[in-house]
1. Between 70, 21, 111, find the one with the highest GNM mean-square fluctuation for the chain; connect C-alpha pairs within less than 10 Å.
2. Give me Rg/Rg_expected for the chain, where Rg uses Cα atoms only and Rg_expected = 2.2 N^0.38 Å with N residues.
3. How far is helix 70-80 tilted off the main Cα axis of the chain, in degrees rounded to 10, range 0 to 90?
4. Relative contact order for the chain: what is it in percent, counting Cα pairs under 8 Å that are at least 6 residues apart?
5. Longer than 28 Å from Cα to Cα, which of 40/174; 65/199; 110/174 are they? Say none if no pair is.
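Readers should treat all values here as calculations from the given coordinates under stated rules, not as data from a laboratory. Keep in mind that this is a model prediction, so the values were computed, not measured.
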Amino acid sequence: AEDGHVTKEELFSLRQLGWGDGKIYREEAEAIFAINDSLKQATPEWVDFFVEAIGEFVLNGTEPKGMCDDDEARWLIGALDHDGKIESIAELELLVRVIEKAQNVPDFFKDYALRQIEQEVMLGTGPTRCGGELSATHISAAEVGLLRRVIFASGGFGPAAVSRKDAELLFRLKDATVQDENAPSWDELFVDGVANYLK
């Protein structure tokens with residue numbers, strides 16, 4: 001945290017400390033968040049560790065394993081949203097990964113994740129926008145990928161089942177960006193998502 005960087009040696013030590021007893025505890029998860037908040041730039045290695053460690057704590061820290069209950073979801077949202085927004089692609093990836101890996105997540109948790117992605121599209125800022133700077137309102141390939149993973153995740157409405165709320169989100173995004181240069185994969189996601197809901 002002092003220099004805002006994590007070296008390979010420090011990351012190796014963190015892995016040893018975190019998984020030394022085979023489990024990530026709340027205090028360790030909070031310490032990992034504190035390091036993440038202090039980083040000037042997250043390396044791919046750090047993102048992998050951060051997502052893996054916090055995901056392990058949320059999904060397997062308490063019984064029943066593989067579940068994200070209301071308390072765990074509220075803790076994670078509080079840790080991510082302490083300053084009112086998602087700061088990095090690591091934090092966004094963590095949200096999506098928990099929804100993907102969990103057998104079930106609370107509806108408000110999935111809603112929170114989708115709201116973060118929608119906000120980035122509408123405002124043109126955020127971690128999916130080349131490091132966070134402002135860019136035109138459109139749906140990027142990164143955002144399409146995240147949306148697909150959340151909407152079709154097993155921890156959502158149902159395995160590969162699109163809810164009415166998900167379909168309404170897709171229509172809001174379509175209406176807001178219909179004149180813009182969206183990623184080519186957006187049309188396919190829109191059709192897949194709406195068709196799945198109608199079925």
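1. 21
2. Computed over Cα atoms of the chain, the ratio equals 1.05.
3. Between the helix axis and the principal axis of the chain, the angle is about 90 degrees.
4. About 16 percent, as a whole number.
5. In this structure, 40/174; 65/199 lie more than 28 Å apart at Cα.
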